[in-house]
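Participant: Sharing a structure with you now.
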Amino acid sequence: MKAEQLRKSILQLAIQGKLVPQNPNDEPASVLLERIRAEKQQLIKEGKIKKDKVDSVIFKGDDNRHYEKVGNEIKDITEEIDFELPDGWEY
């Protein structure tokens, strides 16, 4: 196996969550991301960090398609996503 093939193989396993055992007791990424967003808003409010010019959030809609919200604009990015994430992971 060549170095490039090995790199791609390792990347694929990482994306699939197969490099380390997955702990079902870990909180879902959505909970962690929400906590990070809340902490960021608090730091902005306290003046410790500046607000981003444009926030970007990727989410799955009720129609099971992926969307990206940048500022007030929402764009369907389903065709741009090449793989499914393991349960509990988020883009």
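Participant: Quote the convex hull volume per residue of the chain, based on C-alpha atoms, as a whole number of Å³.
Facilitator: 163 Å³
Participant: Using only Cα atoms, tell me the angle between helix 29-45 and the longest principal axis of the chain; keep it within 0 to 90° and round to the nearest 10.
Facilitator: 30 degrees
Participant: Please identify every one of the GluC sites (Glu not before Pro) in the chain that sits in a loop by DSSP and has no more than 15 other beta carbons within 10 Å of its own beta carbon.
Facilitator: Qualifying residues, ordered by number: Glu46, Glu84, Glu90.
Participant: Another one. Suppose R0 equals 30 Å; then what is the FRET efficiency for Gln41 and Ile74 from their Cβ-Cβ distance, rounded to the nearest 0.05?
Facilitator: 0.90
Participant: Which of the trypsin sites (Lys or Arg not before Pro) across the chain are loop residues per DSSP, with 15 or fewer other Cβ within 10 Å?
Facilitator: When the trypsin sites (Lys or Arg not before Pro) of the chain are filtered for loop state and at most 15 Cβ neighbours within 10 Å, Lys2, Lys18, Lys48, Lys50, Lys51, Lys53, Arg65 remain.
Participant: Could you work out the local net charge near Ile36, counting Lys and Arg as +1, Asp and Glu as -1, over the other residues with Cβ closer than 14 Å to its Cβ?
Facilitator: -3
Participant: Net charge around Ala14, counting only other residues with Cβ within less than 13 Å of its Cβ (Lys, Arg = +1; Asp, Glu = -1)?
Facilitator: Residues close to Ala14 contribute a combined charge of +3.
Participant: Compute the acute angle (0 to 90°) between the alpha-carbon long axis of helix 3-15 and the principal axis of greatest extent of the alpha-carbon atoms of the chain; round to the nearest 10°.
Facilitator: The answer is roughly 50 degrees.
Participant: Summarise the accessible area of the range 13-77 (1.4 Å probe, protein heavy atoms) by the percent that is carbon and sulfur.
Facilitator: 52 percent
Participant: Would you mind checking the pairs Lys8/Lys69; Lys48/Lys75; Lys45/Lys69; Lys53/Lys75 and listing those with alpha carbons more than 24 angstrom apart?
Facilitator: As for pairs spanning more than 24 Å Cα to Cα, those are Lys8/Lys69; Lys48/Lys75.
The values are calculated or read from the model by the stated rules, or taken from the named source; none is laboratory data. Because the structure is a prediction, the values reported are computed rather than measured. Methodologically, a virtual Cβ is constructed for each residue, glycine included, from the backbone with ideal geometry; neighbour enumeration extends over all protein chains shown. The protein model used for the area step is the full one, side chains on, heavy atoms only, and it has no ligands, DNA or RNA in it. Shrake-Rupley method; radii C 1.70, N 1.55, O 1.52, S 1.80 Å.
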